[in-house]
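S.K.: Before I ask anything, let me first share the structure, which is written out below as structure tokens.
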Amino acid sequence: MKIWILQTGEPLHFDYPKRRAMRAINLSNAFLDRNHQVKLISSAFSHQDKKHRSKDFVSRKIKKNFQIDLIPSPGYRKNVSLKRLYDHFILGINLYKYLKNINEKPDFIFIGFPPIEVSAVLTWWAIRKNIPVYLDIKDKWPDYFLTKFPNILKPFISIFLKPYFILAKYSIKKANVITSMSESFLAWACNFSDRNQKGINYLLPLSPPEQNLSDNDKIKSLKFWEEKILNIKNKYVFSFVGSLSKAFDFQLIKELSILFENNTNVIFVICGEGDESKNVRRLFLNANNVFFPGWVNQNQIYGLMQFTKATIAPYLNDSNFIDNLPNKVLDSLLYGKPVISSLEGEVKNLILNNQVGCFCKNEAKSWFNEIMKLLEDQSYYDFLSTNSFLIHEKYFSYDQVYRKFVKVIEQKFNSNKL
């Protein structure tokens, strides 16, 4: 098959392993493993690094049957900003210019949604060419925009956002298939766009990449942490790896770290950077049991997980996350580590129904009690850890998600039902 994948805002193959593989890399690799021809279309601006990979249209041949085409855009410094909206608007215009010069016709197109503009442009182009579209929904844009404003302003903001609502509904409703990481997100998409809920939908969790580290890389990754944090081998490590953003309640973790001040064997390792980096670091300025290593690559994450007792996922109870199964939670299961969270919805159900971690009240004392239970009851901890690993293998492994999805596509293609 000849496949196009449109995925912006994610690391690409030449960013890896500095940046962890996400949907763009994982899905491309799954199709390439089956010898299909893949074109990955993305933004020339790196969302993670806030830097331009290129200022112009660029096509990079990665291997014989794989190329990456970059579409230029102005870029932005903050994730929540008018500049980001402007960037996506120009990205949509430039994608349209790019498509005007394309003569080839792929067998099907997989589109990452959002951004709204590029999703609508490519969906419109594909429909005109009679090309099947699979739309992958990972955020509740533009509904989510409204949650950031007080109720009194929402009617006025809705007028400004009207074009986004029209374009988003168009893409979701016109797609041949919609995919997403949870049933809740699929239900939202259908309700939002008046799409028939009995239409073709497919669950596609944000599963982590396969772990293929050499023995030498494993040794290096362990040594990295032994040098970074004194005596880490004798500590109970509770780790977080992700963006330091307003999506997380770091104030809760601050209060939790205070409760553990007298227990010198318990430490919290918070990896990553983001819009809130300065504020988060300032919050923990006098905390001796909290460490900030900055960004870590996939190899270093492996090393950290070998020392980690459990991972922490202090998400705020925001509608965009309540209906979501975030990759941070699935990453934890990959390593057989229980996850600790107060996030309602999909994450709460995953934790309680499968016993893969601790669901806590949104208060430091509740978290403290659950962590102490993990530390004091080894059989309970082992039970959660084993469940975490088994649930990952059953539902969220690379094989169960990406390779299985590719086989579904192949079957549909061979029966002319794409």
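The values are calculated or read from the model by the stated rules, or taken from the named source; none is laboratory data. These figures come from a predicted structure and were not determined experimentally. Note that each Cβ is placed from the backbone with ideal geometry, even for glycine, and that neighbours are counted across all protein chains shown. Ligands, DNA and RNA are excluded from the accessible area calculation, which covers all protein heavy atoms including side chains. Shrake-Rupley method; radii C 1.70, N 1.55, O 1.52, S 1.80 Å.
S.K.: Taking amide hydrogens as modeled 1.01 Å from N in the peptide plane, which residues meet the under 5 Å criterion relative to LEU6, leaving out close sequence neighbours?
M.R.: So LEU6 has HN proximity to ILE41, PHE110, ILE111, GLY112.
S.K.: Assuming a ≥ b ≥ c are the square roots of the Cα gyration tensor eigenvalues, decide whether the range 283-341 counts as rounded (a/c under 1.5), prolate (otherwise, with a/b larger than b/c) or oblate.
M.R.: Taking the square roots of the gyration eigenvalues as a ≥ b ≥ c, the range 283-341 is oblate.
S.K.: Got a number for the accessible area of ASP323? Probe 1.4 Å, square angstrom, nearest 10.
M.R.: 40
S.K.: Something else about it: Excluding ligands, DNA and RNA, what is the solvent-accessible area per residue of the range 162-204 at a probe of 1.4 Å, expressed in Å²?
M.R.: Solvent-accessible surface per residue comes out at 48 Å².
S.K.: Answer rounded, prolate or oblate for the range 36-133, using the Cα gyration tensor with square roots of eigenvalues a ≥ b ≥ c: rounded when a/c is under 1.5, else prolate when a/b is larger than b/c, else oblate.
M.R.: Because a/c hits 1.5 or more and a/b fails to exceed b/c, the range 36-133 counts as oblate.
S.K.: Give, in whole angstrom and from largest to smallest, the semi-axes √(5λ) of the equivalent ellipsoid of the range 187-251, with λ running over the eigenvalues of the Cα gyration tensor.
M.R.: 41, 20, 9
S.K.: Under 10 Å, Cα contacts only: if you run a Gaussian network model on the chain, which one of LEU333, LEU283, LEU374 comes out with the highest mean-square fluctuation?
M.R.: Comparing LEU333, LEU283, LEU374 in the GNM, the peak value goes to LEU283.
S.K.: Which lysines have a Cα less than 18 Å from the Cα of LYS100, not counting those fewer than 8 places away in the same chain?
M.R.: Reachable lysines: LYS39, LYS129.
S.K.: Roughly to the nearest percent, how much of the accessible area of the chain is carbon and sulfur, given a 1.4 Å probe?
M.R.: C and S atoms contribute 51 percent here.
S.K.: Continuing with this model, one more query. Is the range 142-184 best put as rounded, prolate or oblate by its Cα gyration tensor, with a ≥ b ≥ c the root eigenvalues, rounded for a/c under 1.5, and otherwise prolate when a/b is larger than b/c, oblate when not?
M.R.: Verdict is oblate for the range 142-184.
S.K.: How much net charge surrounds ASN369 when only the other residues with a Cβ under 14 Å from the Cβ of ASN369 are counted, with Lys and Arg +1 and Asp and Glu -1?
M.R.: -2
S.K.: While we're on this one: Quick one: what do you get for the range 1-81 if you divide its Cα Rg by 2.2 N^0.38 Å?
M.R.: Computed over Cα atoms of the range 1-81, the ratio equals 1.08.
S.K.: Along the positive direction of the dipole of the chain (beta-carbon charges: Lys, Arg +1; Asp, Glu -1; about the Cα centre), which of ILE111, ASN191, SER379 reaches farthest?
M.R.: Farthest towards the positive pole: ILE111.
S.K.: Once you charge only the Cβ atoms, +1 for Lys and Arg and -1 for Asp and Glu, what is the size of the charge dipole of the chain about its Cα centre, to the nearest 20 debye?
M.R.: Using Cβ point charges on Lys, Arg, Asp and Glu, the chain gives about 1560 debye.
S.K.: Calculate how steeply helix 23-33 sits against the longest principal axis of the alpha-carbon atoms of the chain, using the helix alpha-carbon long axis, and give the answer as 0 to 90 degrees to the nearest 10.
M.R.: 70
S.K.: For the cross-link pairs LYS2/LYS404; LYS228/LYS309; LYS233/LYS337; LYS174/LYS394; LYS148/LYS246; LYS138/LYS365, which exceed 21 Å when the distance is taken from alpha carbon to alpha carbon?
M.R.: LYS174/LYS394; LYS138/LYS365
S.K.: Could I ask something else about it? Mind checking the angle between helix 298-307 and the chain's longest principal axis? C-alpha axes, 0 to 90 degrees, to the nearest 10.
M.R.: 30
S.K.: A follow-up question, please. Which residue fluctuates the most in the chain, going by a Gaussian network model with Cα springs under 10 Å, if the choices are ALA187, ALA44, ALA21?
M.R.: Result for the chain, Cα springs under 10 Å: ALA187 fluctuates most.
S.K.: For volume of the Cα convex hull per residue in Å³, the choices are [x] 148; [y] 210; [z] 158; which was calculated from the structure?
M.R.: [x]
S.K.: Normalise the Debye intensity by I(0) for the range 296-392, one equal point scatterer per Cα, no solvent, then take log10 at q = 0.17, 0.22 Å⁻¹ and round to two decimals.
M.R.: Summing over Cα pairs of the range 296-392 leads to -0.71, -1.16.
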